[in-house]
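Structure first, then comments.
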Amino acid sequence: MLRGVGFFTLILFSATILSGCAHTVSPVKEPITETSTPNPPAQDQVPGEQAAAEMMVADMLLFRPLGIVATVMGTAFFIASLPFSLAGGNTKSAFQELVVGPAKYTFNRSLGKLEEY
């Protein structure tokens, strides 16, 4: 039981760290003057493509499996809360938030595009 909790904590910690790394800040560009020379880009390497590739790998190995777990857990919570949402009349919105939202995030967005949904 403790191994499962430790593993789940490690997954959540990794997701937190990677989600913080997903939002990069571009450096401040200095104005070009006569004395400054622009740095030439590295050969055969486009920075945007490398970042996109890294995000795709992180998405495939970490965020998609976590999305599947969130979809399953959301479904379980929806079923558990169904008597209350039926009584309150908000079954449709509970289903959208707990089941459809995580499922769309996991299965309908492009690989590496974390901000689409």
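The values are calculated or read from the model by the stated rules, or taken from the named source; none is laboratory data. Here the structure is a predicted model, which means the values were calculated and not measured. Heads up, the Cβs are rebuilt from the backbone with ideal geometry, glycines too, and the neighbour counts pull from every protein chain shown.
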Report summary line: Across segment 100-117, the tally of residues that are of a type outside the set (Phe, Trp, Tyr) and exposed (fewer than 14 other Cβ atoms within 10 Å of the Cβ) stands at 6
Requested in this report: Could you tell me whether any residue of segment 91-99 is surrounded by 10 or more Cβ atoms within 10 Å (Cβ to Cβ) and either in a loop (DSSP other than H, G, I, E, B) or modelled with pLDDT under 90 (or both)?
Outcome: no
Query - Top-ranked residue in segment 45-90 [being of a type in the set (S, T, N, Q) and in contact with a helix residue (DSSP H, G or I) (Cβ under 8 Å, 6 or more places away or on another chain); ranked as surrounded by the most Cβ atoms within 10 Å (Cβ to Cβ)] - result: Thr71
**Report entry** Pairs, first in contact (Cβ under 8 Å) with a residue 12 or more places away in the chain in segment 93-111, second part of a helix (DSSP H, G or I) and of a type in the set (Lys, Arg), C-beta under 7 Å, six or more apart
**Finding:** Thr106/Arg64
